[in-house]
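All remarks here apply to the structure that follows.
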C-alpha cells in the first residue's frame, strides 16, 4: 500500500475535510479526492461518508486510522530527527492571545533559541481563540495557546495552566466603596462605577459577575480597549474598575497602583490550553517547545 495514500488518508481523517487536508498537505483538493478514491478502490471499502460540510469516517475508516496513524507519526519522527541533526535551527511558529503570549510564553521560549545548539528560530503571532485555532488547523502555526479547548481529531489540546481573575480599581475608587462594603452588599455596590474592558460584551467582567455574584453586570463599558495591558494602564489612571488576570496586575497590586476590591473564597479561574495538530509532536522542535512550556507553566501562579 502506498504510504503517500495513507498519509493523505490520515490527514483527511484528522481534518474532517478534503479542503482542509489539501491545505495541510500542500495539494489541490481534486488531488486529495483522487488519492482517497484510489485507496478506497484498493481496499474495496468506502473510508469516508461525504457530507455537505466535510466528511465523516466510516467504521472501516476509523479502524484504518487507528492502525495507521501511530506508524505514520513514527516515520515523521524518524525523518524529522534526521533533519534536526542536519540543521541546528528550525523555525517554530507560535500563536496565542497577545498578553499571555507576550508576558509568559515568549519569555519562556526565548530561552530555547540557540539552547545547547539545539534551539530554534521563533515566529509569533497574536489572535483570539477562534483565529488561533483556525490558523493552527490550516497549518499557519505549529503551536497555539488558547482559552478554548479544541474539538475533533485534527487538533490535540493539553491543559497548560489556570489564571486567577481579580476585580481591581484605583485606590480612590476603593476608598469610595469603603472596606468590606462589596462583600456585604454584593454587586449592587459597584453598579455605578465605570468599567474598563476589552470588548463591549464585557467578557471578563461578565464571567466574574456570574462566578462570584451569580448575576450579570448592570454597567456598560466606559473604556473599551482590546488589550489587557492597556486595560490595566487605564485602571491605574482611575478610569474605572476591571477584571484582570492576577499575573498581569500582580506588580501593580504590590506597588499600590491598584487595589483588589474583593477576595472571594473561590476566585474565578480560566484555563489555558497548549494545542498542536495531531501527530506534529513527532517533530523535535515542536515537541521541545511543547515540553518546555509545560515545565515553565508549573511555576506560573
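All of the numbers you see were taken from the coordinates with simple rules; none came from a lab. Keep in mind that what you see is a predicted model, and the values were worked out from it rather than measured. Neighbour counts are summed over all protein chains in view; Cβ atoms, including those assigned to glycine, are modelled from backbone coordinates with ideal geometry.
Mind telling me which of 152, 16, 139 comes out most flexible in a GNM of the chain, alpha-carbon contacts under 10 Å?
With Cα springs under 10 Å in the chain, the top fluctuation among 152, 16, 139 is at 152.
Please list 259-270, 54-65 highest first by mean number of surrounding beta-carbon atoms within 10 Å per residue.
Details: 259-270: 14.3, 54-65: 16.6.
So the peptides 259-270, 54-65, ranked by packing, come out 54-65, 259-270.
Got a sec? How would 48, 100 order by Cβ neighbour count within 10 Å, fewest to most? Don't skip to the answer; put the middle values down first.
Working: 48 19, 100 24.
Ascending Cβ contact count within 10 Å gives the list 48, 100.
Compute the long axis of helix 246-255 from its Cα atoms, compare it with the longest principal axis of the Cα atoms of the chain, and write down the angle in degrees, 0 to 90, nearest 10.
30
Choose one answer from 31, 144, 105: the residue with the largest mean-square fluctuation in a GNM of the chain with alpha-carbon springs under 10 Å.
Looking only at 31, 144, 105, the biggest GNM fluctuation is shown by 31.
What is the calculated FRET efficiency for residue 218 to residue 265, with r their C-beta to C-beta distance and R₀ = 25 Å, to the nearest 0.05? Walk me through the numbers on the way to the answer.
Details: r = 23 Å, r/R0 = 0.94.
My answer for the efficiency is 0.60.
Along each of its three principal axes, how wide is the spread of alpha-carbon positions in region 3-84, in whole angstrom units, largest first?
Largest to smallest, the principal-axis extents are 40, 24, 19 Å.
Restricting to the chain, what percent of DSSP beta bridges are antiparallel, rounded to 5? Don't skip to the answer; put the middle values down first.
On the way: 21 of 34 bridges.
For the chain, the DSSP antiparallel bridge percentage is about 60.
Quick one: if the Förster radius is 30 Å, what FRET efficiency do residue 184 and residue 295 give, using the C-beta to C-beta distance and rounding to 0.05? Please report the intermediate quantities before stating the final value.
Working: r = 43 Å, r/R0 = 1.43.
After rounding, the FRET efficiency stands at 0.10.
If neighbour count is taken as other Cβ atoms inside 10 Å, put 205, 190 in order from fewest to most. It would help to have the intermediate numbers written out before the result.
Working: 205 23, 190 27.
The order, fewest Cβ neighbours first, is 205, 190.
Please determine, in degrees from 0 to 90 and to the nearest 10, the orientation of helix 29-43 with respect to the longest principal axis defined by the Cα atoms of the chain, where the helix direction is its Cα long axis.
Result, in degrees: 50.
Subtract the Cα-Cα distance of residue 58 and residue 237 from 0.36 nm times their separation in residues, and report this length gain in nm to one decimal. Before the final figure, lay out each step's value.
Details: separation 179, 0.36 × 179 = 64.44 nm, distance 5.94 nm.
Full extension from residue 58 to residue 237 adds 58.5 nm.
Rounded, prolate or oblate: which fits the chain when a ≥ b ≥ c are the square roots of the eigenvalues of the alpha-carbon gyration tensor, with rounded for a/c under 1.5 and prolate only if a/b beats b/c?
Details: a/c = 3.22, a/b = 2.02, b/c = 1.60.
Prolate shape, in that a/c is at least 1.5 and a/b is the bigger ratio.
Out of 148, 169, 74, any idea which swings most in a Gaussian network model of the chain, alpha carbons joined below 10 Å?
74
How far, in degrees from 0 to 90, does helix 284-297 lean away from the longest principal axis of the Cα atoms of the chain, to the nearest 10?
Roughly 20 degrees between the two axes.
Report for region 163-270 the percent antiparallel among DSSP-assigned beta bridges with both residues inside it, nearest 5. Before the final figure, lay out the partial values.
Values: 8 of 12 bridges.
Antiparallel: roughly 65 percent of the beta bridges in region 163-270.
In Å, what Rg and Dmax follow from the Cα atoms of region 193-277?
Rg and Dmax of region 193-277, Cα atoms, are 13.3, 44 Å.
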